[in-house]
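The values are calculated or read from the model by the stated rules, or taken from the named source; none is laboratory data. Being a predicted model, the structure only gives us computed values, none of them experimental. Positions of Cβ are backbone-derived with ideal geometry, glycine not excepted, and every protein chain shown enters the neighbour counts.
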Amino acid sequence: MAKFTKDSLNQLREAKKKEWRKCPYTILTCGGTACQSNKGEEIYQDLVAEAQKQGVSDKVQVVKTGCFGFCEKGPVVKVMSNNFTETSFYVEVKPEDAAEIISKQVKGGEEVERLLYKDPSGKKHRRGAGEGNIGFYQKQIRVVLRNCGMINPEDINEYLVNDGYVALEKALFEWKPEDIIKQLEISGLRGRGGAGFPTWRKWDTTRKVSNDVKYVVCNADEGDPGAYMDRSTIEGDPHSVIEAMTICGKAIGATQGYVYIRAEYPLAVNRLEIALKQAKECGLLGKDILGSGFDFDIEIRLGAGAFVCGEETALLRSLEGQRGMPTPKPPFPAIAGLWAKPTCINNVETFANIPAILVKGGAWFASMGTPDSKGTKVFALTGKVENSGLIEVPMGTTLREIIFEIGGGIKNGKKFKGVQTGGPSGGILTEKDLDTPIDYAGLAKMGSMMGSGGMIVMDEDDCVVDVARFYMDFCVDESCGKCSPCRIGTSQILAILNKIAEGKGEEADLVKLEEIGKAMQKASLCALGQTASNPTLSTIRNYRDEYMEHIHDKKCRAGKCKKLAIFEILEDPCIGCGKCVRNCPVDAITPKEGWVAPADGKKKRPPMVIDQSKCIKCGECLSNCKFNAVVKK
């Protein structure tokens with residue numbers, strides 16, 4: 001592939017636009033990790049093979065994209081006709097459906113009815129209705145995810161057709177570094193990694209430091225449980241990150257960039273490697289980019305999965321080949337970061353916003369969101385919600401809109417209990433918080449935080465003590481141990497939570513939890529320790545009655561705390577089949593003594609009973625009973 005100048009790149013872009021997706025039909029198949037793990041690659045290959053087999057290869061273009069976002073209904077396939085004017089939205093597609101999609105729709109012009117998405121009322125979403133009419137997408141505005149699910153992330157031409165590298169051209173040939181940073185200031189973009197620091201200020205600080213060597217670092221070390229925003233962005237649109245990092249290099253005076261990404265993200269790493277190779281071949285990365293005289297290169301560094309390396313100073317130490325542990329600030333990385341050189345570090349989502357901002361203008365981005373928090377935010381909506389998936393909404397959208405409109409409400413008609421925002425560092429919010437607009441200040445006021453964007457929904461079957469234990473156990477494992485407030489504090493909080501979950505808690509333990517948690521917030525070295533107590537403190541504040549039940553009544557209303565659970569066998573539904581007896585590991589279940597068969601002869605075997613003194617609360621009896629005779633109290 002020949003290297004481009006500004007003029008030849010524009011000529012190619014315009015030529016590709018004219019020929020882009022000119023087939024009567026385009027089939028977009030989801031190539032994100034979730035769909036790939038559910039035979040997404042087979043679906044793609046079978047569609048390509050069927051088009052050839054049925055002689056319609058000239059009528060259809062099959063494209064493997066990034067994540068569509070609607071993970072709950074994956075694998076998703078979209079069939080688009082007449083230059084995107086009509087879309088058939090197929091869900092839960094299987095490889096064996098490929099032949100019917102090609103024969104019925106591409107050859108016959110008819111939709112495959114059984115694969116069409118149906119809304120909760122049972123109404124099918126037919127072509128012509130528009131994807132935006134699906135409840136999951138109605139309130140979304142896709143800026144970061146603008147290309148995910150629309151382009152082939154492994155083909156640079158598809159990115160170029162969609163205004164790819166237009167922002168870089170402006171940065172190289174039209175704007176001074178101050179102009180680039182001014183647009184970011186107008187946009188109001190704040191870092192999407194959790195802290196929410198103004199992006200323009202970080203860039204400007206690094207720009208103003210006098211040094212002949214500077215670095216740009218992309219933090220792709222996404223480690224929050226249930227979070228996959230950054231991974232999906234790289235999988236679906238890697239060039240947006242590459243372009244933004246190169247622009248950052250031009251703005252601050254850096255010539256070298258690094259993407260620090262988890263080794264557990266093989267698909268994202270592979271697509272990033274492909275994108276970097278293509279960008280270099282085209283002259284969009286490396287020496288003398290587009291003939292501008294500006295040099296910039298990017299290398300990938302794989303992280304080993306340490307959660308603490310999501311903290312910027314720990315990440316930089318890891319990049320240097322040292323143990324990933326936080327260092328005190330100041331100095332901040334913008335002044336003395338990687339190898340003590342000025343370093344601008346942002347996460348994937350922050351970078352992915354920048355090309356769109358520079359193409360459309362900072363004022364366009366600032367028109368969305370709230371006065372304090374501009375633009376959109378990507379969330380990984382997971383947990384006990386009907387429509388789990390990857391969403392992008394304007395800042396200021398309420399939790400109620402996200403959970404009950406986009407998310408479709410709570411699964412199985414259960415009652416909403418709470419929502420965890422910000423991952424292990426965030427708090428758990430309750431029903432009273434549902435109508436609060438989501439922004440940085442609003443979440444902090446409610447005792448939670450934006451974090452990188454994890455959002456886990458809980459229902460009435462979840463126990464807040466158990467949830468707090470889960471997150472604290474995670475933080476104990478992930479603490480680097482460098483500072484004692486975090487190292488000792490997390491272990492102490494976990495020990496007290498375990499004590500409460502086992503029915504050995506005292507009311508004074510809640511005071512201890514609050515004291516330790518607040519001390520950690522003030523004294524810990526980095527954000528991991530400073531925020532690790534948030535789930536515990538927020539649940540004590542919002543669900544104190546549930547803690548009291550564990551302490552005084554020795555009861556877990558959700559039945560999640562095994563030591564407090566009581567399993568019983570109801571006599572009427574039990575038919576005495578003995579399956580629970582065979583699966584009990586401690587022989588705690590026996591036939592009821594002295595039982596007399598009823599005269600009607602309907603029940604010939606005695607019901608079973610559980611010896612509570614032997615029961616170890618494993619739940620095998622509950623999971624193996626087919627007659628709903630075993631209950632957990």
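Among residues of segment 142-189 being aromatic (Phe, Trp, Tyr) and part of a loop (DSSP other than H, G, I, E, B), the one that is surrounded by the fewest Cβ atoms within 10 Å (Cβ to Cβ) is 175. It is to be established whether one or more residues within segment 592-614 are closer than 30 Å to residue 508 by Cα and either under 44 Å from the mean Cα position of the chain (by Cα) or among the acidic types (Asp, Glu) (or both). Yes, segment 592-614 contains at least one residue that is closer than 30 Å to residue 508 by Cα and either under 44 Å from the mean Cα position of the chain (by Cα) or among the acidic types (Asp, Glu) (or both).
Beta carbons closer than 9 Å, at least 6 apart along the sequence or on distinct chains, pair a first residue in segment 548-577 that is free of Cβ contacts under 8 Å to residues at least 60 places away in the same chain and part of a loop (DSSP other than H, G, I, E, B) with a second that is of a type in the set (S, T, N, Q) and surrounded by fewer than 17 Cβ atoms within 10 Å (Cβ to Cβ) for 573/628. Quick check on residue 493: is it surrounded by 21 or more Cβ atoms within 10 Å (Cβ to Cβ), touching a residue at least 24 places away in the same chain (Cβ under 8 Å) and more than 29 Å from the chain's Cα centre (by Cα)? Against the criterion (surrounded by 21 or more Cβ atoms within 10 Å (Cβ to Cβ), touching a residue at least 24 places away in the same chain (Cβ under 8 Å) and more than 29 Å from the chain's Cα centre (by Cα)), residue 493 does not qualify.
Of note, residue 529 satisfies the criterion of being in a helix (DSSP H, G or I) and touching a Gly at 6+ places or on another chain (Cβ under 8 Å).
Select from segment 79-97 the residues that are part of a strand (DSSP E or B) and touching a Gly at 6+ places or on another chain (Cβ under 8 Å) and write down the one among them that is surrounded by the most Cβ atoms within 10 Å (Cβ to Cβ). Here the residue is 87. Contact map, segment 169-193: residues that are farther than 23 Å from residue 291 by Cβ paired with residues that are basic (Lys, Arg) and outside any helix (DSSP H, G or I), Cβ distance under 9 Å, separation 6+ or inter-chain. Pairs shown: 187/374; 188/374; 189/374; 190/374; 192/377. Any chance segment 115-126 includes a residue that's of a type outside the set (Ser, Thr, Tyr), assigned to a helix (DSSP H, G or I) and not assigned by TED's automatic domain parsing to the domain that holds residue 396? Looking through segment 115-126, at least one residue is of a type outside the set (Ser, Thr, Tyr), assigned to a helix (DSSP H, G or I) and not assigned by TED's automatic domain parsing to the domain that holds residue 396.
Would you check if residue 382 is assigned by TED's automatic domain parsing to the domain that holds residue 215 and at negative phi? Here the answer is no, as residue 382 does not meet what is asked. Are any of the residues in segment 467-475 assigned by TED's automatic domain parsing to the domain that holds residue 499 and out of contact with any helix residue (DSSP H, G or I) (no Cβ under 8 Å at 6 or more places or on another chain)? Yes, because at least one residue in segment 467-475 is assigned by TED's automatic domain parsing to the domain that holds residue 499 and out of contact with any helix residue (DSSP H, G or I) (no Cβ under 8 Å at 6 or more places or on another chain). Among helices (runs of 4 or more DSSP H) entirely within segment 194-255, having at least 2 residues that are under 16 Å from residue 295 (Cβ atoms) and in contact with a strand residue (DSSP E or B) (Cβ under 6 Å, 6 or more places away or on another chain) singles out 238-252. For segment 325-349, the set of residues classified as outside any helix (DSSP H, G or I) and closer than 12 Å to residue 260 by Cα consists of 345, 346, 347, listed by residue number. Pairs linking a residue in segment 320-349 that is more than 25 Å from residue 486 (Cα to Cα) and assigned by TED's automatic domain parsing to the domain that holds residue 254 to a residue that is assigned to a strand (DSSP E or B) and of a type in the set (Gly, Ala, Ser), with Cβ atoms under 7 Å and 6 or more positions apart or on different chains, are 348/220.
Filtered by the rule that a residue be modelled with pLDDT under 90 and small (Gly, Ala, Ser), segment 110-163 gives 121, 122, 128, 129, 130, 132.
So, residue 414, is that one surrounded by fewer than 24 Cβ atoms within 10 Å (Cβ to Cβ) and touching a Lys or Arg at 6+ places or on another chain (Cβ under 8 Å) or not? Criteria met by residue 414. Just give me the residues in segment 374-406 being more than 14 Å from the chain's Cα centre (by Cα), among the small types (Gly, Ala, Ser) and buried (at least 23 other Cβ atoms within 10 Å of the Cβ), in sequence order. Residue satisfying the conditions is 375 alone. Between 290, 284, the distinction of being assigned by TED's automatic domain parsing to the domain that holds residue 346, part of a loop (DSSP other than H, G, I, E, B) and under 21 Å from residue 9 (Cα atoms) belongs to 284 only.
Candidates 76, 48: the one that is modelled with pLDDT of 95 or more and crowded, with 22+ Cβ neighbours inside 10 Å is 76. Entry remark, segment 409-431: residues being closer than 14 Å to residue 383 by Cα and of a type in the set (S, T, N, Q) number 3 in total.
Only one of the numbered conditions (1) part of a loop (DSSP other than H, G, I, E, B); (2) surrounded by 14 or more Cβ atoms within 10 Å (Cβ to Cβ) is violated by residue 609, and that is (1). Residue-level check: of (1) crowded, with 18+ Cβ neighbours inside 10 Å; (2) touching a strand residue (DSSP E or B) at 6+ places or on another chain (Cβ under 8 Å); (3) among the β-branched types (Val, Ile, Thr), residue 436 misses just (1).
The number of residues in segment 228-253 being among the hydrophobic types (A, V, I, L, M, F, W, C) and without any contact (Cβ under 8 Å) to a residue 60 or more places away in the chain comes to 1.
The C-beta contact set for segment 515-531 (first residue of a type in the set (A, V, I, L, M), second residue part of a helix (DSSP H, G or I), distance under 6 angstrom, 6+ apart or interchain) comprises 516/489; 516/492; 516/493; 520/485; 520/489; 520/529; 523/485; 528/308.
The sole residue among 468, 441 that is more than 15 Å from the chain's Cα centre (by Cα), over 25 Å from residue 547 (Cα atoms) and aliphatic (A, V, I, L, M) is 441. How many residues are in a loop (DSSP other than H, G, I, E, B), out of contact with any Ser or Thr (no Cβ under 6 Å at 6 or more places or on another chain) and crowded, with 19+ Cβ neighbours inside 10 Å if we restrict to segment 55-69? Count: 3.
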